[in-house]
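The values are calculated or read from the model by the stated rules, or taken from the named source; none is laboratory data. Since the model is a prediction, treat every value here as computed from it, not as a measurement. With ideal geometry, Cβ positions are generated from the backbone for all residues, glycine too; neighbour counts draw on all protein chains shown. Areas reflect the complete protein model, heavy atoms only, side chains present, ligands, DNA and RNA absent. Shrake-Rupley method; radii C 1.70, N 1.55, O 1.52, S 1.80 Å.
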Amino acid sequence: AGGSELVSGGEDGNARLWDVARGKTVRCFVPPCQEDDEVISVGAVAYRGDNVYAGRGRFLSVFDARTEKVVCKTPSRNHAEHPDDISQIAVEPGGGHRIAVADDDGGV
């Protein structure tokens, strides 16, 4: 809060919330896997208010930042037509609930 926290994604498949001033992890978020999910890294993350957003493969997971629990998990788009992984996440500013994800092929 107030610019003292940030969220990161890693090759271990987790997203982490950091206390920047202390240089310490505050919370660790583990996106759920699909049976056929071979993607390990978290390619995109966002943090706003009470939620952490993590793109792992073609799935977006939304976490409650206080409890580390998954609030929602959804595929980004039709897998057959757009097989690229999520590489960017944008969350509506000002408390809105719209989320956009993009992949490397330019699809949103």
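Has the stretch 38-47 got at least one residue that is at pLDDT 75 or above, in contact with a strand residue (DSSP E or B) (Cβ under 6 Å, 6 or more places away or on another chain), closer than 20 Å to Val7 by Cβ and open to solvent by 60 Å² or more (accessible area, probe 1.4 Å)? Within the stretch 38-47, one or more residues are at pLDDT 75 or above, in contact with a strand residue (DSSP E or B) (Cβ under 6 Å, 6 or more places away or on another chain), closer than 20 Å to Val7 by Cβ and open to solvent by 60 Å² or more (accessible area, probe 1.4 Å).
If we keep just the residues of the stretch 50-64 that are open to solvent by 10 Å² or more (accessible area, probe 1.4 Å) and either touching a residue at least 60 places away in the same chain (Cβ under 8 Å) or assigned to a loop (DSSP other than H, G, I, E, B) (or both), which is nearest to Asn14 (Cα to Cα)? Of everything passing the filter in the stretch 50-64, Arg58 is nearest to Asn14 (Cα to Cα).
Beta carbons closer than 9 Å, at least 6 apart along the sequence or on distinct chains, pair a first residue in the stretch 87-108 that is over 12 Å from Arg58 (Cα atoms) with a second that is open to solvent by 80 Å² or more (accessible area, probe 1.4 Å) and among the basic types (Lys, Arg) for Ala90/Arg98; Val91/Arg98; Glu92/Arg98. Close Cβ contacts (under 6 Å, 6 or more residues apart or on different chains) running from residues in the stretch 5-17 that are buried (at least 18 other Cβ atoms within 10 Å of the Cβ) to residues that are polar (S, T, N, Q) and not in a loop (DSSP other than H, G, I, E, B) comprise Arg16/Ser8; Arg16/Thr25. Against the definition (at pLDDT 90 or above and either touching an Asp or Glu at 6+ places or on another chain (Cβ under 8 Å) or under 25 Å from Asp105 (Cβ atoms) (or both)), how does Val20 come out, yes or no? Yes; evaluated as a whole, the condition is true for this residue.
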